Amino acid sequence: MCQSEGLLLLPLVALALWIKPLRMKIDSDDMITQAEAARIRGVSEEAIRYLVKRERFKIFKIGGKIFLSKREVEHFKPSVGGRPPKKPARRTRNKQ
């Protein structure tokens with residue numbers, strides 16, 4: 001190993017010591033599929049996939065399948081989207 005490689009590795013080692021992996025307790029009873037989430041919310045599976053894609057739900061991939069937290073799906077509140085309402089036009093005096 002040459003000296004320049006050692007200089008490169010040092011910041012990476014320091015960075016690895018600062019970063020801690022996220023560890024979450026996963027309750028298997030709380031995990032549901034996207035289809036189950038759609039039934040709970042009363043929407044299509046496509047709508048759930050869209051929310052997952054937009055990162056509105058935390059997902060867990062197990063064996064290539066995507067699972068969501070049932071508690072998170074039940075407490076999900078959609079954000080108000082779309083364009084804001086148009087302001088009423090100002091009235092102007094008619095000059096004669």
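Computed from the coordinates by the stated procedures, all read-outs in this text should not be read as laboratory data. The shown structure was predicted, so the numbers you read here are calculated from the model rather than taken from an experiment. Because the Cβ atoms are built from the backbone with ideal geometry, glycine has one as well, and the counts that use them run over all protein chains shown.
Note down the net charge around residue 47, summing +1 for each Lys or Arg and -1 for each Asp or Glu among other residues with Cβ under 13 Å from its Cβ.
Net local charge, residue 47 excluded: +4.
Need the full-extension length gain, residue 44 to residue 79, defined as separation in residues times 0.36 nm minus the C-alpha distance. One decimal, nm. Let's see the in-between values first.
Working: separation 35, 0.36 × 35 = 12.60 nm, distance 1.76 nm.
Separation in residues times 0.36 nm, less the Cα-Cα distance, equals 10.8 nm.
Straight-line reach from residue 77: which aspartates and glutamates have Cα under 18 Å away, leaving out those fewer than 8 places along the same chain?
Here the aspartates and glutamates satisfying the reach criterion relative to residue 77 are 36, 45, 46, 55.
Beyond 15 Å, what percent of the Cα pairs of region 54-96 remain?
Values: 610 of 903 pairs.
Everything past 15 Å amounts to 68 percent.
Taking only the alpha carbons of region 24-76, what extent do you get along each of the three principal axes, in Å, biggest first?
27, 21, 16
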